[in-house]
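To start, the structure under review is shown below, and the notes come after it.
The values are calculated or read from the model by the stated rules, or taken from the named source; none is laboratory data. Here the structure is a predicted model, which means the values were calculated and not measured. Quick note on the areas: whole protein, heavy atoms, side chains included, nothing else; ligands and nucleic acids left out. Shrake-Rupley method; radii C 1.70, N 1.55, O 1.52, S 1.80 Å.
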Amino acid sequence: MKTVVLVTGANSGIGLALCDRLLAEAAEGLLLCLACRNMQRARAARLSLLASHPSAQVDLLQLDTSSISSVISAAQEVKHKYDRLDYLYLNAGIMPNPKFDIKAFFRGLFSSKIIAMFATGEGILTQWDGVTPDGLREVFATNLFGHFLLVRELEPVLCRPGETSQLIWTSSSNAHRSAFSLEDLQHQRGTQPYSSSKYASDLLSLALNTHYNKQGLYSSVICPGFVMTNLTYGILPTLPAFLWNLLLPIFWLIRVFTNTFTLTTHSGAEALLWLYKQRPETLDPYAKYHSLTSGLGNNYTQPRKMDIDLETAELLYSKLLELESQTRSTVK
């Protein structure tokens, strides 16, 4: 029986790199489903994976985590096609319209905070958030709530007697407690919706373990490190071209001194692949598993304690359940 793996946001970046690495590990024993918003890009990703792994079984699923109806429809299709789901990688994410603070960047460039600034984006990035047709904040819906609703919809294939399944969230070192508020869950009044959504995913992972471990479902969180993806490139074009060209070799130089600069999507997917090989019941629900790269270019995974607590996690979970009830009635 093949292992069934579904990856959201699988057509590019870390999601696509993960799929390639999973197939390199066990193409014959894997049924891989690419869940993507843009089906043209999804088909191109599938073809590229099959070119490298001709014997692989790769399915496509249309899924837009910012849309409630899309999540429900996609979940129904999954339950129709598969009687089980062993791994659900909650990887899709957006950081729309990032604003780069050039003054804060140059201050940080010549300070002791340079590595932390690049690794987390703290102090130099803000974003403008939009609103979805469902009336939800776009970053909140795409990065967090859509995935929460997907998990809830897929309970029948994730929670099976005598079996274990894994939820694996792609979080970020940009997940800061200071950006998150239970009173402003969708971050309507702030300028760091991405950071807020990633911190919320850390909390939600903890809450999901509390509620689902007894049913054999386990949740973990990873950080890919500082990776050059489309999301990163979306930020950096605000820099002058000459400065961007200068920064590239600096990034590679910094990697000699800090292991968080994974830089490539292949390296950034290291923790995602590492968790695939672990027994989920042995993992620490309070740890974020970091993709790291040594100065010599060797990839490895390391757990680091998250700045989260169970009380806040449970309050978030309750609020998400309330919002789920409200949005379902609206969709109907």
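Per-residue 3J(HN,Hα) values for segment 259-272, derived from phi via the Karplus relation 6.51 cos²θ - 1.76 cosθ + 1.60 with θ = phi - 60°, read 7, 7, 8, 6, 6, 9, 5, 4, 5, x, 7, 4, 5, 4 Hz in sequence order (x marks Gly and Pro). Under a 5 Å amide H cut-off, with hydrogens placed 1.01 Å from N, residue 264 pairs with 228 among residues at least 5 apart or on other chains.
Could you report segment 154-204's accessible area per residue, 1.4 Å probe, as an integer in Å²? Write out the running numbers ahead of the final one.
Values: 1750 Å² over 51 residues.
Each residue of segment 154-204 exposes 34 Å² on average to a 1.4 Å probe.
Computed over segment 1-92, the range of Cα coordinates on each principal axis works out to 33, 27, 17 Å, biggest value leading. In sequence order, segment 214-226 has phi-based couplings of 5, 9, x, 9, 10, 10, 9, 10, 10, 10, x, x, 7 Hz under the Karplus curve 6.51 cos²θ - 1.76 cosθ + 1.60, θ = phi - 60°, and Gly or Pro positions carry x. Scalar couplings 3J(HN,Hα) for segment 14-19, obtained by applying the Karplus form with A = 6.51, B = -1.76, C = 1.60 to θ = phi - 60°, are 5, x, 5, 4, 4, 4 Hz; x denotes Gly and Pro.
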